[in-house]
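Working notes, structure below.
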There are 2 protein chains.
Amino acid sequence: MIAIQSLFRAARNAAMGVVAFLIAATAAQAQPDPLPSWNDTAPKKAIVAFVERVTKENTPGFVPEPERIAVFDNDGTLWVEHPMYTQLAFALDRVKVLAPEHPEWKDQQPFKAVLDGDMKALAAAGEKGLVELIMTTHAGMTVYQFQQIVTDWIATARDPRFKRPYTELVYQPMLELLAYLRANGFKTFIVSGGGVEFMRPWTEEVYGVPPEQVIGSSIKTEFKMRDGVPVLLRLPEVNFIDDKTGKPVGINAAIGRRPIAAFGNSDGDLQMLQWTTLGGSTPRFGLLVHHTDAEREYAYDRDTEFGRLDQALDIAPDNGWTVVDMKADWKEIFPAK
Amino acid sequence: MIAIQSLFRAARNAAMGVVAFLIAATAAQAQPDPLPSWNDTAPKKAIVAFVERVTKENTPGFVPEPERIAVFDNDGTLWVEHPMYTQLAFALDRVKVLAPEHPEWKDQQPFKAVLDGDMKALAAAGEKGLVELIMTTHAGMTVYQFQQIVTDWIATARDPRFKRPYTELVYQPMLELLAYLRANGFKTFIVSGGGVEFMRPWTEEVYGVPPEQVIGSSIKTEFKMRDGVPVLLRLPEVNFIDDKTGKPVGINAAIGRRPIAAFGNSDGDLQMLQWTTLGGSTPRFGLLVHHTDAEREYAYDRDTEFGRLDQALDIAPDNGWTVVDMKADWKEIFPAK
């Protein structure tokens, strides 16, 4: 009996040894660049150095896996935000779809401006007009109805300049970065000023970020039983604006721990970067995408309506934040068609 | 060369075969009961049947892993809520700690009632008094300061009847259920009427539920830079009440998809169970813990101040919800000392 057990154990050990060797050989052989769309400039080096630092066990910089939280702004950081936020393009399209049921809109701002394609008049309607547009197009249905509306729109709408679906106008280097962080035990969250229910229907497929890791602005919802079926109705009332000082508030409310890495592109991300990088005892990483490539994408910073980067750019060096020069640091902008 | 490769491949295949055999043998041999503290009564059978149904691939009941979301109430579902919510015990203790800095409390309700140990006068102060107690003890500091206060309190406070830390007065059968669901690809969330920041400091250690999977009531916070250090200040203003109709609202806001299993014990969980179980196309599971064991824990339902179970108990059969009879269905109540 003992002889048989020994034989068995010997066979198992031999088998394990061969398997271990094969695994080690494969690992040593294949170490492909996890960030192939990044040039070998300072930002890529800083990212890799940070990730290697926090993942090296038994060193002072090591951060346990559950605390490896990374937060990403969406508009202008993960996908294009010019010439206008995609969610605004969605709202304008919705006004056109709903117009036949609202003949009064022909003479009523801001709807008239949208129907006439008069962007100047729309701008003149200001924030009040914008809120009215958003509430009219984003409220008054259940959360599932809205989800379906977004899903249908995002599948068919095309960006006028690039003639591609908006979900293809995501930054290839950032897709690689998301995957690289996750492969190193990070949990990746989106923290956007955009509407949370506008993003959730497609973030899992496009970014690999599940709905429960998407934080954003929201309107109020109300629970009702309707003919024995539970529904959540979307109300025309602001619940939370996840922008500027709202970003750390939203992060704390949803995640409950401080991220160790934050990625943004505008002053709307300033406080999120401060909250993430300043005052913590473990290594931290902050990064700003600077849009410098008018040819392949857009070039803008201090003087723009969408995604202004001004104060955050000024204080980046003192805070040790990495600034990506899109033109110089990114080999590719969008995923290959 | 080909000969060497063939040899290599043969060795690898042989090794893999042995390993596969060993794994299969181990699995067949050791199938320990994942719910040993549950008696073999209807609730346990219903739970196991549900889990087996949603995890069996290529069957109509199969639910892909990312959609296996389970939500748990906390007070009375995962831990004891009598003779009062633990968070209220915390607030009363905080009043006593802070009293020396507030000599005026000696003559001011509801503080006087707390300092006198006069529970009748405290009850007379009603909800307004309660809110004042909560705001005084839960606001006016940073989120990290509050986290530390909770951590220190929960480590030292003891339940007066059981003489054990509150974090040991958790239900052993529910700990097993949480682990069993996670082992089957579920993501487990807490959805409590209690304060989210009161739970997060200890839920990971006690329940295996990380802070980002805890949903609860909250007060408003405000982001500030203080001497170059970012802080989040807790303000004495209600942000969200995660109870009754608030639970589906909170679930949708934080998770963005409908759970497939919900566990509660009171009418405060009614809408969460409705939202989870009614109107979905995939299998759903709802469960209520009925406190029937005055000897080992407590017996209460329709006539109690904390955790009233009335309407939900009435409609449970029609909705197909499982009702746990604590006395009959649970072998053990608390973890062994």
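Summarise the long-distance tail of P(r) for the stretch A:263-325 by giving the % of C-alpha pairs beyond 17 Å. Result: 37 percent of Cα pairs exceed 17 Å.
If the viscosity is 1.002 mPa s and the temperature 20 °C, what translational diffusion coefficient in µm²/s does Stokes-Einstein give for the protein assembly as shown when Rh comes from Kirkwood over Cα pairs?
The diffusion coefficient I find is 76 µm²/s.
The relative contact order of the stretch A:86-143, computed from alpha carbon pairs under 8 Å that lie at least 6 residues apart in sequence, is 36 percent.
Against chain A, whose longest principal axis is taken from its Cα atoms, helix A:143-156 shows a tilt of about 90°.
Using the Cβ of residue B:301 as centre and a radius below 9 Å, the other residues enclosed give a net charge of 0, where K and R count +1 and D and E count -1.
Packing order of peptides A:206-213, A:296-303, highest average first: A:206-213, A:296-303 (average count of other Cβ atoms within 10 Å over each peptide's residues). Less than 5 angstrom separates the built amide H of residue A:331 from those of A:38, A:39, all sequence-distant by 5 or more or on a different chain. As I understand it, the value is the acute angle between the Cα axis of helix A:196-207 and the longest principal axis of the Cα atoms of chain A; what does it come to in degrees, rounded to 10? Relative to chain A, helix A:196-207 is tipped by roughly 40 degrees.
Considering Cα pairs under 8 angstrom that are at least six residues apart, work out the relative contact order of chain B and quote it in whole percent.
Here the relative contact order equals 22 percent.
If I histogram all Cα-Cα distances within the stretch B:30-100 using bins 10 Å wide from 0, what percent of pairs lands in each bin? Values per bin, smallest distances first: 14, 27, 26, 16, 12, 5, 0. Hey, what angle do you get for helix B:172-183 against the long axis of chain B, alpha-carbon based, 0 to 90 degrees rounded to 10? It works out to around 50 degrees. With coordinates expressed along the principal axes, the C-alpha atoms belonging to the stretch B:158-301 extend over 53, 46, 30 Å, beginning with the largest. Shown in residue order for the stretch A:69-77 are the 3J(HN,Hα) couplings computed by the Karplus curve 6.51 cos²θ - 1.76 cosθ + 1.60 at θ = phi - 60°: 9, 10, 10, 10, 4, 9, 4, x, 10 Hz (x for Gly and Pro).
Please give the Cα centre distance for the stretch B:222-270 versus the stretch A:231-272, rounded to the nearest Å. So the separation of the two Cα centres works out to 13 Å. In summary, the convex hull built on the alpha carbon positions of the stretch A:86-143 has an orientation-averaged projected area of 4.0 nm². Placing R0 at 35 angstrom, the Cβ-Cβ distance between residue B:123 and residue B:184 gives a FRET efficiency of 0.20 after rounding to 0.05. Short to long, the 20 Å bins of the Cα pair-distance histogram for chain B hold 27, 51, 18, 4, 0 percent of all pairs. Only helices enter the 222 nm calculation for chain A: every DSSP H run of n ≥ 4 contributes -39,500 (n - 2.57), and dividing by all residues gives -13500 deg cm²/dmol, rounded to 500.
In percent, rounded to a whole number, the relative contact order of the stretch A:225-333 is 22, using alpha-carbon pairs under 8 Å and six or more apart.
Hey, if you put +1 on the Cβ of every Lys and Arg and -1 on every Asp and Glu Cβ in chain A, which of A:190, A:165, A:260 ends up farthest toward the positive end of that dipole? Toward the positive end, the furthest listed residue is A:260. Centre-to-centre separation between the Cα atoms of the stretch A:149-166 and those of the stretch A:179-197: 22 Å. The length gained by stretching the chain between residue B:116 and residue B:315 to full extension, at 0.36 nm per residue less their Cα-Cα distance, is 67.5 nm.
Anything over 19 Å Cα to Cα? Flag those among A:220/B:244; B:44/B:163; A:220/B:220; B:44/B:247; A:244/A:327, in the order listed.
B:44/B:163; B:44/B:247; A:244/A:327
Among the residues of B:223-233, the average count of other protein chain beta-carbon atoms within 10 Å of the residue beta-carbon is 5. Take every DSSP beta bridge whose two residues both sit in chain B; close to 40 percent of them are antiparallel.
We did not get these values from a lab; they are worked out from the coordinates using the rules stated. For clarity, every value in this text was computed on a predicted model and none was experimentally measured. Neighbour counts are summed over all protein chains in view; Cβ atoms, including those assigned to glycine, are modelled from backbone coordinates with ideal geometry.
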